[in-house]
Amino acid sequence: MSANRVKASPLARHMADEAGLDLQKVTPSGPNGRIISKREGGALHDGIMPALADARAYYRPDQYDELPLDMMRGAIATRLTQSMQQVPHFYLTRTLCIDALMAHRGRLNAALAERPLADGKVEKISLNDLLVRACALALIDVPEVNVSFAGDAILRHHHADIGVAVALPDGLITPIVSKCDEKPIRAISAEIKDLAARAAEKRLKPSEYEGGSFSVSNLGMFGIDQFTAVINPPQAAILAVGGPVKKLIMADGAPLEQTDMRVTLSCDHRAIDGAIGAQFLATLADYVEKPLLLSL
């Protein structure tokens, strides 16, 4: 039997190759007679799976460039790993018709174009700005989603403090727009732009991206139709937003073009049940399809 027929983990094979060891002469210590390294096996007890090995163990140093994590990227990696390991996620997807929302946005931007700012710049409201406002109002209407799980209690938040995902070259960060339920769309839009600009310059304070009660992650501008997002603790839910998709439907026997958008709600099942998540999405759909309510 050759060494490549021995049952061994990739890491064990790599380490044996570097040390010049014959795997046929090694006594297996892993499950089912498999050879594993101490690094892999140290945590394998009582049914607990081992931590992942350092990725560098699988490659020669001349096969990659090493880019050290900065403080922000390291914190993101730790937080999201904890979220996926410790938070029981479930997902709900709903298709929203956004024709009315797009028409409302067009009217708002036309009005803003007639009233430029003192420096001559013209404000523009994005679909994402409107969605953040719609989420804020839906969170107030369905407060069971505007929560955090605290071990022995559920914290129900007084306001909709919404994190808005911003993609940076070295990571993703979700700066928080506080009290979105009390702010008009123009204020939300201006604050999102300011937070995104300062995030790119790494000038955010921890208080501006930690906490919050909900998050919105929009990848529609990258051509993504649908995706699921990882919950950002201590929040209990996040909305993943896909891009607009045009389709033909039949209305009164005639074809009609309609613009749809798919959104997926990721929920922490310890704090939010499926029916409550569905109720939130139904409420969100109502605001999206009746956008005048966003200004009330």
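What does the C-alpha gyration tensor say about the overall shape of the chain? Classify as rounded when a/c is under 1.5, otherwise prolate if a/b is larger than b/c, or oblate.
Because a/c hits 1.5 or more and a/b exceeds b/c, the chain counts as prolate.
Of the peptides 100-111, 214-225, the order by per-residue mean of other Cβ atoms within 10 Å, starting with the highest, comes out as 214-225, 100-111. Ordering 128-134, 252-258 by mean Cβ neighbour count within 10 Å, with the highest value first, yields 128-134, 252-258. In straight-distance terms, cross-link reach from LYS202 covers every one of the aspartates and glutamates whose alpha-carbon lies under 19 Å from its own, apart from those fewer than eight places away in the same chain; here that gives ASP70, ASP170, GLU191, ASP194, GLU210.
Do the alpha carbons of any pairs in LYS179/LYS246; LYS183/LYS246; LYS183/LYS290 sit beyond 25 Å of each other, and which pairs? Violating the 25 Å Cα-Cα cut-off are LYS179/LYS246; LYS183/LYS246. Region 212-258 and region 114-144 have their alpha-carbon centroids 17 Å apart.
Per-residue packing, averaged as other Cβ atoms within 10 Å, sorts the ranges 232-242, 175-185, 70-80, 145-155 into the order 232-242, 175-185, 145-155, 70-80, beginning with the highest. Approximating the spin labels as points 7 Å out from Cα along Cα→Cβ, the TYR58-to-LEU155 distance works out to 3.7 nm.
For LEU256, the shell of other residues with beta-carbons less than 12 Å away shows a net charge of -1, using +1 for Lys and Arg and -1 for Asp and Glu.
For region 152-193, the residues whose amide N sits under 17 Å from a probe point set 7 Å from the Cα of ASP65 along the beta carbon direction are 169-171. At full extension, GLU182 and LEU168 could sit 2.2 nm farther apart than now, given 0.36 nm per residue minus the alpha carbon distance. If the label point is 7 Å along Cα→Cβ of ALA190, which residues in region 155-174 have backbone nitrogen under 18 Å from it? Zone members listed by number: none at all. Helix 127-141 and the longest principal axis of the Cα set of the chain meet at an angle near 90°.
Readers should treat all values here as calculations from the given coordinates under stated rules, not as data from a laboratory. Every value quoted in this text rests on a predicted model; they were computed, and no experiment measured them. Every residue, glycine as well, gets a Cβ built from its backbone with ideal geometry; the counts of neighbours run over all protein chains shown.
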